[in-house]
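Single-structure report; data block below.
The values are calculated or read from the model by the stated rules, or taken from the named source; none is laboratory data. The model shown is predicted, which means the values in this text are computed figures rather than measured ones. Cβ sites come from the backbone with ideal geometry, for glycine too, and all protein chains shown count toward neighbours. Heavy atoms of the whole protein, side chains included, go into the accessibility calculation; ligands, DNA and RNA do not. Shrake-Rupley method; radii C 1.70, N 1.55, O 1.52, S 1.80 Å.
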Amino acid sequence: LGLFIYQTLDAIDGKQARRTNTSTPLGELFDHGCDSMSTVFVSVASCCAVQLGTYPGWMLFQCICASTLFYCAHWQTYVSGTLQFGTIDVTEGQIVVMIVMLISSLTSFLGINFWTSQLLLVLSPCQLLTVFGAVCGLVSLATPGGTLDKILTGGAGKAGSTVADTSVLSPSFPLLLVIVPAWVIAYKSDQAIYHSQPILYVLMFGLIAAKITNRLVVAHMCKSEIHHRDPALLAPLALFLNQYFNTFLPEAWLLKAAMAWVVFDLLRYCSLVCLEICDYLKVELFRIPYPPPVAQATSVPNHNKSSVQGPVTRQQRKKVSGSRN
């Protein structure tokens, strides 16, 4: 129900902005910023609904795929200048997630262990669902006219470059700085940092992906170069260095500290960007500035005109001429 309400409001917010004449770049940033963060929580919720935590590697793969697909959609926007949707995209994915959650609620109510049962003696239903989602994402990315094709051939800048006249491959580096450490740290840990706290681990890297996606949206709006250094990447760097130096700090506590830093950095960045845009465009945040009511004209008695209807008599003319004098 919550996901359905979110999807509905996300679909009509643009119409509401145009109806109230409040469509601004701030609304675009706020819309896509909320989508980037909701992608993380929706993917984690769907993993929990199908009990994918039974297979930790599959859960990490599914969550990283969700953030990667969302990032690639805005990567294509940064290159071509327009956000284009494919045949299988966000709306279809949200519908599938809603159906999955309804099935999970029904099986839980009936006490049926459905998602982790071995139907084909090879893969469980939750694994098959992950494979299905990965195939749909691959089709959206790699087919002719798909996201990758638009990234490589649809540049709106000079010589097929991005809107900022930079290389179309430049946004790939921030994404790789999230994906590669996520896998390396998870499976090189002596204290099983990911397997012991999978949800916290996935949320941390998902919010880092949301942060770099927001930066990509801002770069598209400003037609500026996207920078590869980001304060949020200090979190995986700290975890990596701790493992490199033989885990001299407990990884569980370091993961919690890294998560706190990522949340703080994301909130700080979003608030500063929103306030800066509001100050520059002279718009208000979370408020529709209705025009002030027009003051009604007060009736001023006019002594030059007679209020009497009908023909004017000689006596009335004398009164009018006397008042003028």
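Annotations for the structure displayed:
- Within the option set TYR269, TYR194, being crowded, with 19+ Cβ neighbours inside 10 Å, among the hydroxyl-bearing types (Ser, Thr, Tyr), at pLDDT 90 or above and assigned to a helix (DSSP H, G or I) holds for one residue only, TYR194.
- Among the residues of the stretch 108-140, those that are surrounded by fewer than 18 Cβ atoms within 10 Å (Cβ to Cβ) and polar (S, T, N, Q) comprise SER108, ASN113, THR116, SER117, GLN118.
- Residue in the stretch 149-164 that is farthest from LEU254 (Cα to Cα), counting only those that are in a loop (DSSP other than H, G, I, E, B) and hydrophobic (A, V, I, L, M, F, W, C): ALA156
- Any chance LEU83 is under 19 Å from MET37 (Cα atoms) and modelled with pLDDT under 85: yes
- Filter pass, TYR6 being farther than 20 Å from ARG215 by Cα, at pLDDT below 85 and open to solvent by 30 Å² or more (accessible area, probe 1.4 Å): yes
- Pair list, Cβ < 6 Å and 6+ apart or interchain, from the stretch 241-257 residues that are under 19 Å from PRO198 (Cβ atoms) to residues that are among the polar types (S, T, N, Q) and open to solvent by 60 Å² or more (accessible area, probe 1.4 Å): GLU251/GLN191
So that you can scan it fast, the table gives a plain yes or no per residue for (1) modelled with pLDDT under 95; (2) farther than 29 Å from ILE277 by Cβ; (3) assigned to a helix (DSSP H, G or I); (4) open to solvent by 70 Å² or more (accessible area, probe 1.4 Å):
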position	(1), (2), (3), (4)
THR166	yes, no, no, no
PHE173	yes, no, yes, yes
LEU177	yes, no, yes, yes
ALA210	yes, no, yes, no
MET221	yes, no, yes, no
ARG229	yes, no, no, yes
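- Qualifying residue in the stretch 35-53 (condition: part of a loop (DSSP other than H, G, I, E, B), more than 28 Å from ILE199 (Cα to Cα), open to solvent by 70 Å² or more (accessible area, probe 1.4 Å) and touching a residue at least 40 places away in the same chain (Cβ under 8 Å)): no
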